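First the structure, in the form of structure tokens, and then the observations on it.
The values are calculated or read from the model by the stated rules, or taken from the named source; none is laboratory data. Fair warning: this is a prediction, and the values are worked out from it, not measured in the lab. Note that we place each Cβ from the backbone using ideal geometry, even for glycine, and neighbour counts take in every protein chain shown. SASA here: full protein model, heavy atoms, side chains in, ligands and nucleic acids out. Shrake-Rupley method; radii C 1.70, N 1.55, O 1.52, S 1.80 Å.
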Amino acid sequence: MTVAALPTRKDEAFRYADLDALAGVWPVAREEILVPSGQSTSLSVVEDSEGAVARHLVIELEAGASFDLRILNCGAAFGRIAVDAQLGEGASFTLGAAQLGSGVQVLEIVTEVSHLAPNAVSRQTIRSVLAGQATGTYLGKVAVARGALGTDSEQSVRAMLLSRTATANAKPELEIYADDVKCAHGCAVGELDAQGLFYLESRGLPPELAKQLMLQAFIAEAFSGAADEERLQALALARLGELV
Amino acid sequence: MLQINNLSATVADKPILKGLSLSINAGEIHAIMGPNGAGKSTLAYTLGGRPGYEVTGGSVTFTPPTRHPREGGDPSPAVGNTQGQELGSRFRGNDESVLGIDLLTLAPHERAAAGLFLGFQYPVEIPGVSFVQFLREAANAQRTARGEPPLSGAEFLKLAREKAGLLKMDMDMLKRPVNVGFSGGEKKRAEMVQMGILDPSFAVLDETDSGLDIDALRIVGEGINAIMRKPDKAVLLITHYQRLLDYVKPDFVHVLAGGRIVKSGGAELALQLEEEGYEAVAA
């Protein structure tokens, strides 16, 4: 097996990556996960280590299989998690991810969800909170193969910038070769609502606590319904406390 | 309790308050009425410390009474001399608090901890944050700032249930996200539930009566009386209409026009305004 060359900026999937950091962990091993027909599995990935992390999950869902993936991407100087999911007939794929960055962190989630057969469902919810000069990226491609009728796909991508120097990149992308499909995507980048903050502060919450509460609510959807929702929320909350 | 002296304030560099003076003592309820654009909401926000409301002159001195921790459902024993708390000494019944606090130097959350409550004309919706969670955090943040022990979950829920009952509000509504999906009237009632829970010494209520139907108006009026009509508390009611004042009898009524108080009187002034209009009375 030949080792793939280090990607360059021209690779769309690496356009916003920290290539110097990536070089240190290249090549990235494929982590293959097979969910057999009719089975359900879940996985929570928490990247809170220091240094550079790059992972590539390749998930194959057979007919009627379901996979629930949650990602908290918050620790590394460079944290990249790529996810390829291939959905068989009637399969169900859920991704809920939060990226919480500060300093000069570069965090990215790059997904390619392929609906290969009819009636598969995919749900992606990505929330990024970025402070300092951090960069958070979501590149999400949904591909619907010819004949994958009844595909039902949703991407909800939102980013919150806590400073004017933070960056959010978001690119939901659809590639559809079938009729009769439902592919919804929404994307928004914003700042904390100043009116809401003042409202909370006027009731006695110090600014940091008010921000933390609003950000906790902002990312909650990413972990809602997860098997270990409480653990993920608690880890995220602790990290948010450092961001505000 | 609150001494506003020659207060001037601008919003986006536009002068709105132009030398407003007002003195409110403990045990008093004052109503401020006035035409649109007179500066009523600006006064409320300036007292609350909202960013963007720039004070360009004058002073506001707040002298909260010594707090009696047994009141307001506080289960803790009398406050001792807790040293080293961030804001503690400013709220004790010591010489400092008798002299009063320069309200304008405090951040919004510090004003709340000192005993100020601002009832919003348009309460803000905050998706994803429940009333119960937010109010418990807020109540405990205030208590910590005053050097009081925090309320436990059970103590807080008991207090919240009692105050919600006072405003005839279903406790389940307080488990919902802050103001999200609430009708105009429900939002205003929720404001009063918050006031009941936070138990302030001084409340500025900005058009709390707007958006209320007749029954809700009575419930809110009675709520204000039950929570704030006390010898050691005071209220500044900002309103357009006489209606609320049928339930919450003001001791003083002021007319605010062009950024200052142009006329003051007793409760009868509100009736006269209703009868004759601002222009005739304030001229």
* Asked: Which condition breaks for residue A:197 when tested against (1) away from every other protein chain (no Cβ under 13 Å); (2) within 20 Å of residue B:179 (Cα to Cα)?
  -> (1)
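Within the range B:201-215, which residues are open to solvent by 10 Å² or more (accessible area, probe 1.4 Å) and aliphatic (A, V, I, L, M)?
Within the range B:201-215, the first condition is being open to solvent by 10 Å² or more (accessible area, probe 1.4 Å), and the residues that meet it are B:207, B:210-215.
Once the filter is applied, which keeps residues that are open to solvent by 10 Å² or more (accessible area, probe 1.4 Å) and aliphatic (A, V, I, L, M), the range B:201-215 yields B:212, B:214.
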* To do: Sort out which residues of the range A:208-223 are more than 14 Å from residue A:125 (Cα to Cα), of a type outside the set (Gly, Ala, Ser) and more than 7 Å from chain B (Cβ to nearest Cβ), and write them in order of number.
  => A:208, A:211, A:212, A:215, A:216
* Return the residue satisfying two criteria in turn: it lies in the range B:146-174 and is in contact (Cβ under 8 Å) with a residue 40 or more places away in the chain and part of a loop (DSSP other than H, G, I, E, B), and of such residues it is surrounded by the fewest Cβ atoms within 10 Å (Cβ to Cβ). => B:168
* Only one of B:111, B:143, B:136 that is under 25 Å from residue A:214 (Cβ atoms), in contact (Cβ under 8 Å) with a residue 60 or more places away in the chain, in a helix (DSSP H, G or I) and of a type in the set (Lys, Arg) -> B:111
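Which of the residues that make up the range A:214-225 are open to solvent by 10 Å² or more (accessible area, probe 1.4 Å) and closer than 21 Å to residue A:43 by Cα?
Scanning the range A:214-225 gives A:220, A:221, A:224, A:225.
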* Considering the range B:118-136 alone, what residues qualify as being more than 22 Å from residue A:191 (Cβ to Cβ) and facing chain A (nearest Cβ under 8 Å)? -> B:118, B:133, B:135
* Structure fact -> Condition set among the small types (Gly, Ala, Ser) and open to solvent by less than 10 Å² (accessible area, probe 1.4 Å), scope the range A:42-81, selection farthest from residue A:158 (Cα to Cα): answer is A:65
* Right, residue A:99: surrounded by 18 or more Cβ atoms within 10 Å (Cβ to Cβ), assigned to a strand (DSSP E or B) and out of contact with any Lys or Arg (no Cβ under 8 Å at 6 or more places or on another chain) or not? -> no
* **Filter result for residue B:222 (over 28 Å from residue B:141 (Cβ atoms), in contact (Cβ under 8 Å) with a residue 24 or more places away in the chain, part of a helix (DSSP H, G or I) and open to solvent by 10 Å² or more (accessible area, probe 1.4 Å))** => yes
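Can you tell me which residue in the range A:195-213 is modelled with the lowest pLDDT, limited to those that are under 13 Å from residue B:128 (Cβ atoms) and crowded, with 23+ Cβ neighbours inside 10 Å? Walk me through how you get there before you give the answer.
Step one: of the range A:195-213, the residues under 13 Å from residue B:128 (Cβ atoms) are A:196, A:200, A:212-213.
If we keep only those that are crowded, with 23+ Cβ neighbours inside 10 Å as well, we get A:200, A:213.
Details: A:200: 96, A:213: 91.
Applying the filter and picking the extreme gives A:213.
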